[in-house]
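Single-structure report; data block below.
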């Protein structure tokens, strides 16, 4: 049994870790180690998030427990939990939190917008542990794009990642459902993008300079920036296609703009020319992120399969029955 000190609004928590001597169920094990508490008391502790199994809060009393598992009990207050099903934590250490964001949830808010965001949900989660703590945005996903999102627990780690993002990130992969089927089964897209005064992104074709490089506008802040994207068609039914997309630059709306430019907009993306919305959402999902940990330098890779709707939308269409004359 190991005691761990954790801090919250009322001082240090009393957290004890236990290891079972044989395979059992959670309620039976807790009833054995928490005598003289009753089964009702133990079920109440579970329901109110006082128990973790291998670092994850559990509430199911009949969950199997193995001899290799660690059961932690917080006798002072509930363990911190994310109380919003639009966000799920996939990895956490003392420097980083990596989450899955659902479509429709903002990564971070802006002035005058009081809508709940991934950042505000995680901030509340961290303050359950320690009112002095917070989270810091390292990158963003479009509001209606689902997938992997990384936050830092420390301002220094955030600055390291934000200013050297391309150095630390090894792979960025998305799954996208597009209207139609691209002529090329796989291709690399290279476009120069620019953002207008209404915050819409466009492809531009700047005239080359004498050195053969793209011309530079006088307004440096609105200078065209190169976007590089590769895609591969995974499956298609002619009407819709599922693409595996990798990006090698991090431009705003990059995938959406470039796929629209070649005539195959992301399904549901009315902003960039999609004509249909088969699933009631933008059909773009950040499925893989691989990065070097800024503190430990370990390579972390996170995979999130595309939503089942992406596969259902691109499955083969039924063939019309032939009529016999």
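The values are calculated or read from the model by the stated rules, or taken from the named source; none is laboratory data. Note that the coordinates shown come from a computational prediction; the quantities given were computed from them, not determined experimentally. Note: ideal-geometry Cβ built from the backbone for every residue, glycine included; neighbour counts use all protein chains shown.
Quick notes on this one:
- Pairs meeting the criteria (first residue in region 179-193 and touching a residue at least 40 places away in the same chain (Cβ under 8 Å), second residue exposed (fewer than 12 other Cβ atoms within 10 Å of the Cβ), beta carbons under 8 Å, at least 6 apart or on different chains) are 179/275; 180/238; 181/238.
- The set of residues from region 107-125 being modelled with pLDDT of 90 or more and out of contact with any helix residue (DSSP H, G or I) (no Cβ under 7 Å at 6 or more places or on another chain) comprises 116, 117, 118, 119, 120, 121, 122, 123, 124, 125.
- Subset of region 44-58 (residues that are part of a loop (DSSP other than H, G, I, E, B) and modelled with pLDDT of 90 or more): 50
- Scanning region 132-157 for residues that are within 17 Å of residue 82 (Cβ to Cβ) and surrounded by fewer than 16 Cβ atoms within 10 Å (Cβ to Cβ) yields one hit, 133.
- When region 240-265 is filtered for residues that are within 17 Å of the chain's Cα centre (by Cα) and not in a helix (DSSP H, G or I), the ones remaining, listed by number, are 244, 245, 246, 247, 250, 252, 253.
- Selection count where residues are in contact (Cβ under 8 Å) with a residue 24 or more places away in the chain and within 15 Å of the chain's Cα centre (by Cα), scope region 283-303: 12
- Scan region 266-279 for residues that are more than 19 Å from residue 306 (Cα to Cα) and either surrounded by fewer than 20 Cβ atoms within 10 Å (Cβ to Cβ) or within 21 Å of the chain's Cα centre (by Cα) (or both) and the total you get is 6.
- Strands (runs of 3 or more DSSP E) contained in region 109-206 and holding at least 1 residues in the same structural domain as residue 224 (by TED's automatic domain parsing): 169-179, 186-195, 201-204
- Among residues of region 1-43 being modelled with pLDDT under 90 and surrounded by 15 or more Cβ atoms within 10 Å (Cβ to Cβ), the one that is farthest from residue 72 (Cα to Cα) is 8.
- With respect to the stated conditions, residue 82 fails to be surrounded by 16 or more Cβ atoms within 10 Å (Cβ to Cβ), within 10 Å of the chain's Cα centre (by Cα) and either without any contact (Cβ under 8 Å) to a residue 60 or more places away in the chain or in a strand (DSSP E or B) (or both).
- For region 224-247, a tally of residues being in contact with a helix residue (DSSP H, G or I) (Cβ under 9 Å, 6 or more places away or on another chain) and more than 18 Å from residue 309 (Cβ to Cβ) returns 5.
- Scanning region 283-310 for residues that are out of contact with any strand residue (DSSP E or B) (no Cβ under 6 Å at 6 or more places or on another chain) and crowded, with 19+ Cβ neighbours inside 10 Å yields a count of 2.
- Criterion (in contact (Cβ under 8 Å) with a residue 24 or more places away in the chain, within 24 Å of residue 193 (Cβ to Cβ) and out of contact with any strand residue (DSSP E or B) (no Cβ under 7 Å at 6 or more places or on another chain)) met by exactly one of 271, 275: 271
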